[in-house]
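The next block holds one structure in the form of structure tokens; read it before the comments.
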Amino acid sequence: MSWAWGYAFGAEEAARTAPPVFLTAVERKAAELVRAAEAQYLHGRAYGGDDPKGGDITVPGGMFTYQIVVRDERVYVLQITYLGF
């Protein structure tokens, strides 16, 4: 399995109604998080520690909350918030 990102919980439903420009910004930042996590946790499936703390990232138009799950080699977008700025 290789590193990837995906929507979790209600974020996928919220993504269906968000503007495409905002979603593109979210997807671009999520891809950056994947590349960073992949570089930091080279042997993700064998990782024995705690998962790192997630966070919030501001993108043009709003923000999103993410969590990295190392043993799954995934970055999950937990919530997206479109604010229209």
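Listed by first and then second residue, the pairs linking a residue in the stretch 52-79 that is under 16 Å from GLU27 (Cβ atoms) to a residue that is in a loop (DSSP other than H, G, I, E, B) and open to solvent by less than 20 Å² (accessible area, probe 1.4 Å), with Cβ atoms under 7 Å apart and 6 or more places separating them unless they lie on different chains, are TYR76/ALA8; VAL77/ALA8; LEU78/ALA8.
Identify all residues within the stretch 61-80 that are more than 11 Å from ALA8 (Cβ to Cβ), at pLDDT 95 or above and open to solvent by 30 Å² or more (accessible area, probe 1.4 Å); write none if there are none. Scanning the stretch 61-80 gives a single hit, MET63. PHE85 passes every criterion in (1) free of Cβ contacts under 8 Å to residues at least 40 places away in the same chain; (2) surrounded by 12 or more Cβ atoms within 10 Å (Cβ to Cβ); (3) aromatic (Phe, Trp, Tyr) apart from (2). Of everything listed in (1) surrounded by fewer than 18 Cβ atoms within 10 Å (Cβ to Cβ); (2) in contact (Cβ under 8 Å) with a residue 12 or more places away in the chain; (3) not in a strand (DSSP E or B), the single unmet condition for ALA37 is (1).
Within the stretch 15-34, if we keep just the residues that are farther than 14 Å from TYR76 by Cα and among the aliphatic types (A, V, I, L, M), the residue that is most open to solvent (accessible area, probe 1.4 Å) turns out to be VAL21. Between GLY44, GLY6, GLY10, GLY48, the distinction of being exposed (fewer than 11 other Cβ atoms within 10 Å of the Cβ) and not polar (S, T, N, Q) belongs to GLY48 only.
The values are calculated or read from the model by the stated rules, or taken from the named source; none is laboratory data. The structure displayed is predicted, hence computed values, not measured ones. Neighbour counts are summed over all protein chains in view; Cβ atoms, including those assigned to glycine, are modelled from backbone coordinates with ideal geometry. Calculation scope for accessible area: heavy atoms of the full protein, side chains included, ligands and nucleic acids excluded. Shrake-Rupley method; radii C 1.70, N 1.55, O 1.52, S 1.80 Å.
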